[in-house]
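Here it is, the structure in full.
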Amino acid sequence: MNSFRFQAKTKILFGTGEISKVAEEAKAYQARDVLIVTDKGIVSAGLVDQLTRHLDDANINYIVFDEIEPNPTDSTILRGAEVMKAAQSTLVFTIGGGSPMDAAKAIAVMAANDGPIEQYCGTGIDPWPNPPAPVVAIPTTAGTGSEVSGAAMVNLVAQSRKVDMFGRTIQPVTAILDPEMTVGLPPNLTAWTGIDALNHAFEAYIASYSSVFSDMIAEKAIELAVNNLHRVYHHPNDLEARGNMLIASSMAVMAASAGLGVVHSLAQTIGGYYNAPHGLAIATCFVPGIEYNLGVEQEKLARVSQIMGTDTSGMSLDESARSVIPALQNLLDDFDIPQGFDALGVREKDIPKLAEIAMLDGCTPTNPRPLDEHAFIELFQQGLAV
């Protein structure tokens with residue numbers, strides 16, 4: 001039997017109206033001054049107001065840092081850290097999608113530690129000497145799962161790549177999963193983030209460090225995403241479907257303790273180099289990445305195809321495994337996903353550099369089929385040839 005590791009830390013509060021628990025969380029950590037990390041779109045949508053009114057009622061001081069951009073940059077994170085230090089905040093609330101949540105974790109690290117930020121990116125688990133302030137995460141998208149993850153993606157602009165900070169100390173202490181917080185999400189972002197959740201579960205299921213624990217969680221997350229993504233896309237006010245997608249998103253990242261794979265390696269490389277939206281990049285790279293893995297983990301690929309609705313009776317194992325590709329493509333076809341990497345900005349002349357960067361991605365080592373630069377060059381070329 002293979003050895004494995006699995007760890008879960010974050011307390012989850014799930015349900016409609018759970019946003020009201022923010023003051024209780026602040027009091028639990030004896031916080032009188034908190035930093036709220038978000039983006040201007042979340043502020044404009046009125047979602048930050050739903051957080052701050054409960055803090056106001058409890059006489060908890062706060063300052064809002066709303067400068068987070070998609071694929072948050074190192075310079076933005078350092079500005080946020082300065083704001084946090086000046087405010088003497090001892091707790092961080094973050095409300096938004098993956099970018100604000102990742103940025104909040106990185107801001108907490110940099111507020112407690114000296115730079116440069118690069119020394120803490122891709123350099124092991126908890127490489128910072130001083131523990132960061134605790135983070136409470138409130139997702140407004142159902143996709144990244146950052147609310148339960150010990151990773152924070154940072155866009156190192158000078159290096160044109162996205163690199164993770166990893167640490168148990170940056171894993172949020174609490175995730176508040178309130179379906180009402182996701183209702184106003186536009187259809188395209190609902191689709192892209194939901195596909196990201198599905199991919200987390202899918203890649204974790206076949207990753208090289210998968211285990212009975214991660215497999216059980218991944219299968220349920222795949223089932224929830226497959227059964228609710230179309231529903232929430234076409235019926236955006238369906239709170240049950242919204243809630244199920246939030247659960248799927250968090251479960252998928254819990255399963256991803258097993259690792260991820262080539263789809264994330266491709267998407268994160270493209271996102272860092274061309275500043276492409278992460279969810280869209282995942283959706284575009286999903287089918288090519290799974291096609292690359294068709295020769296391995298065939299029983300699991302066949303099982304995913306069955307969860308997606310394929311009747312595999314009478315098929316050989318190889319046929320059952322390969323049936324996952326049309327099943328996946330059929331699911332994606334409803335969401336107007338680009339079929340070629342050129343839609344993400346990829347250029348032929350950049351492919352050698354992209355392959356080099358992809359080899360450094362943290363998801364590359366846990367792909368079930370080995371990868372090298374030549375394999376990545378072929379994948380990028382195939383992606384452009386669609």
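The values are calculated or read from the model by the stated rules, or taken from the named source; none is laboratory data. As the structure is a prediction and not an experimental result, all values here were calculated from the model. We place every Cβ from the backbone using ideal geometry, glycine too, and count neighbours over all the protein chains shown.
Tally the residues that are in contact with an Asp or Glu (Cβ under 9 Å, 6 or more places away or on another chain) and surrounded by 18 or more Cβ atoms within 10 Å (Cβ to Cβ), restricting the search to segment 219-232.
3
Please work out if GLY383 is more than 15 Å from CYS285 (Cα to Cα) and either outside any loop (DSSP other than H, G, I, E, B) or under 23 Å from the mean Cα position of the chain (by Cα) (or both).
no
Conditions (1) free of Cβ contacts under 8 Å to residues at least 12 places away in the same chain; (2) more than 18 Å from VAL64 (Cβ to Cβ); (3) among the polar types (S, T, N, Q); (4) in contact with a Ser or Thr (Cβ under 9 Å, 6 or more places away or on another chain), marked per residue:
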| site | (1), (2), (3), (4) |
| --- | --- |
| GLN88 | no, no, yes, no |
| PRO139 | no, no, no, yes |
| VAL154 | no, yes, no, yes |
| THR174 | no, yes, yes, yes |
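Sticking with this structure for a sec: Between ALA201, ALA252, which is within 16 Å of the chain's Cα centre (by Cα) and without any contact (Cβ under 8 Å) to a residue 60 or more places away in the chain?
After applying the criteria, what remains is ALA201.
Of all residues in segment 188-209, which are of a type outside the set (Phe, Trp, Tyr) and more than 19 Å from PHE286 (Cα to Cα)?
Correct list: empty.
If we keep just the residues of segment 309-326 that are among the β-branched types (Val, Ile, Thr) and in contact (Cβ under 8 Å) with a residue 12 or more places away in the chain, which is farthest from GLY295 (Cα to Cα)?
Ranking the qualifying residues of segment 309-326, first place goes to THR310.
Okay, next question. Do the conditions hold for GLY345, that is, is it under 30 Å from GLY309 (Cα atoms) and in the same structural domain as TYR292 (by TED's automatic domain parsing)?
So GLY345 fails the test.
Can I ask one more? Quick one: which of LEU294, LEU332, LEU354 is farther than 18 Å from GLY261 by Cα, touching a residue at least 12 places away in the same chain (Cβ under 8 Å) and surrounded by 15 or more Cβ atoms within 10 Å (Cβ to Cβ)?
Answer to the selection: LEU332.
Which pairs do you get when a residue that is farther than 19 Å from VAL183 by Cα, found in segment 1-26, comes within reach of a residue that is modelled with pLDDT under 95 and aromatic (Phe, Trp, Tyr), reach meaning Cβ atoms under 8 angstrom, with the pair 6+ apart or on two chains?
Here the result reads PHE4/TYR209; PHE4/PHE213; ARG5/TYR209; PHE6/PHE213, each pair linking segment 1-26 to a residue that is modelled with pLDDT under 95 and aromatic (Phe, Trp, Tyr).
Out of the residues in segment 77-118 that are small (Gly, Ala, Ser) and at pLDDT below 95, which is farthest from VAL253 (Cα to Cα)?
GLY115
Kindly indicate the residue of segment 91-118 that is among the charged types (D, E, K, R) and surrounded by fewer than 17 Cβ atoms within 10 Å (Cβ to Cβ) and also nearest to the chain's Cα centre (by Cα) among those meeting that condition.
GLU118
Consider PRO277 carefully, then state whether it is modelled with pLDDT under 95 and surrounded by fewer than 24 Cβ atoms within 10 Å (Cβ to Cβ).
It is true that PRO277 is modelled with pLDDT under 95 and surrounded by fewer than 24 Cβ atoms within 10 Å (Cβ to Cβ).
Here's another thing I want to ask about it. For segment 79-90, check the following and say yes or no: at least one residue is surrounded by fewer than 16 Cβ atoms within 10 Å (Cβ to Cβ) and hydroxyl-bearing (Ser, Thr, Tyr).
Within segment 79-90, not a single residue is surrounded by fewer than 16 Cβ atoms within 10 Å (Cβ to Cβ) and hydroxyl-bearing (Ser, Thr, Tyr).
Just name the residue that is surrounded by the fewest Cβ atoms within 10 Å (Cβ to Cβ) out of those in segment 29-56 that are among the polar types (S, T, N, Q) and within 20 Å of GLY97 (Cβ to Cβ).
Looking at the filtered set, the residue picked out is SER44.
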